Amino acid sequence: MKKIVIFAFKGDPMCFIHVLLNALDLHGRGYGGKIVIEGEAVKLVPDIAGKGHPLHGLYTEARKADLIDGVCYACSKKLGTADAAAGEGLTLMKTMSGHASMADYIKDGYEVVSM
């Protein structure tokens, strides 16, 4: 099985919807899709976790399918969303100087896609 991880960097909901849709599609087709939330995308976590947000349904689907592997620790600390991410039960990733490491995923056989 091919494994793909999507590193989401953009904090624009119109971009992030494609991250969620693609991860769910990859997962549904057996590609083991995963999501790492990085950069300014970490600012979306508190919003999309709210039931009134338009992306909440897709976010909930991705969470139920265990597709969100984690959130960048350094970026979420810097942008003030670390507590929200931790409160959501998301892993704060910091294996590369406080950030998530693409090399770790490549080592584990994942193809990395950046969006």
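Throughout, read-outs are computed from the coordinates displayed, never taken from laboratory work. No experiment lies behind these values; they were computed from the predicted model shown. In this analysis, Cβ positions are derived from the backbone assuming ideal geometry, glycine residues included, and neighbour counts consider all displayed protein chains.
Numbers at a glance
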{"quantity": "Test: residue in the range 24-32 that is surrounded by 15 or more Cβ atoms within 10 Å (Cβ to Cβ) and without any contact (Cβ under 8 Å) to a residue 24 or more places away in the chain", "calculated": "yes"}
{"quantity": "Evaluation of ALA49 against (1) under 13 Å from the mean Cα position of the chain (by Cα); (2) within 18 Å of MET115 (Cβ to Cβ); (3) among the aliphatic types (A, V, I, L, M) (one fails), failing number", "calculated": "(2)"}
{"quantity": "Count of residues meeting criterion [farther than 17 Å from VAL19 by Cα, surrounded by 13 or more Cβ atoms within 10 Å (Cβ to Cβ) and among the polar types (S, T, N, Q)] in the range 94-115", "calculated": "1"}
{"quantity": "Every residue from the range 71-93 that is among the basic types (Lys, Arg) and surrounded by fewer than 16 Cβ atoms within 10 Å (Cβ to Cβ)", "calculated": "LYS78"}
{"quantity": "Verdict on LYS3 being among the basic types (Lys, Arg) and in contact with a Leu (Cβ under 6 Å, 6 or more places away or on another chain)", "calculated": "no"}
